[in-house]
Amino acid sequence: MKKETIVKNSRLKALGLKETPARLAIISIFEANHSPLSAEDIWKKIKSKKVNLATIYRNILSLEKGGVLTRIDLRKSSNYYELKDTLHHHHHITCSTCGTFEDIELCDEELSSKALENSLKFSKILDHSLEFFGICKKCKR
């Protein structure tokens, strides 16, 4: 068994999820594409005709619930996802005209958490999402 297959299998086992060909294929696609993907994007990349779009949606939701994937809001008609545990922490900036997006690293989680410690209603920050939208240089021309 290849090293990458062992990593995928252990990731799924840790979540208590069965190691199905569809789940392994989905994780492989995310590992090969270092950008947010929708269920439709994954479906187009899966080589197996046995995996339909409904199966992909179900598995994405299981992987998101298990903490393997994180949902990214790109203000598009579909939800987009990234691998959560293999990426460094980052956010995105998306062009509101053409939809081009870029990873940006400008978040200091520790500083943000400290700023929110004095909240009267919340005792702990578990996660956060910060996305930016603008016009890219190509569309500005």
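Please tell me if Asp73 is surrounded by 13 or more Cβ atoms within 10 Å (Cβ to Cβ), among the charged types (D, E, K, R), in contact with a Phe, Trp or Tyr (Cβ under 9 Å, 6 or more places away or on another chain) and farther than 21 Å from Leu130 by Cα.
no
Ala39 - would you say it is surrounded by 14 or more Cβ atoms within 10 Å (Cβ to Cβ), touching a helix residue (DSSP H, G or I) at 6+ places or on another chain (Cβ under 8 Å), small (Gly, Ala, Ser) and closer than 25 Å to His91 by Cα?
Here the answer is yes, as Ala39 does meet what is asked.
Looking at segment 125-141 only, could you name the residues that are more than 19 Å from the chain's Cα centre (by Cα) and either of a type in the set (D, E, K, R) or open to solvent by 60 Å² or more (accessible area, probe 1.4 Å) (or both)?
The answer is Ile125, Ile135, Lys137, Lys138, Lys140, Arg141.
So in segment 14-38, with the set limited to residues that are in a loop (DSSP other than H, G, I, E, B) and within 16 Å of Ser62 (Cα to Cα), which one is modelled with the highest pLDDT?
Ranking the qualifying residues of segment 14-38, first place goes to Ser38.
The values are calculated or read from the model by the stated rules, or taken from the named source; none is laboratory data. Because the structure is predicted, anything quoted here is derived from the model rather than measured. Methodologically, a virtual Cβ is constructed for each residue, glycine included, from the backbone with ideal geometry; neighbour enumeration extends over all protein chains shown. For accessibility, only protein heavy atoms count, side chains too; no ligands or nucleic acids. Shrake-Rupley method; radii C 1.70, N 1.55, O 1.52, S 1.80 Å.
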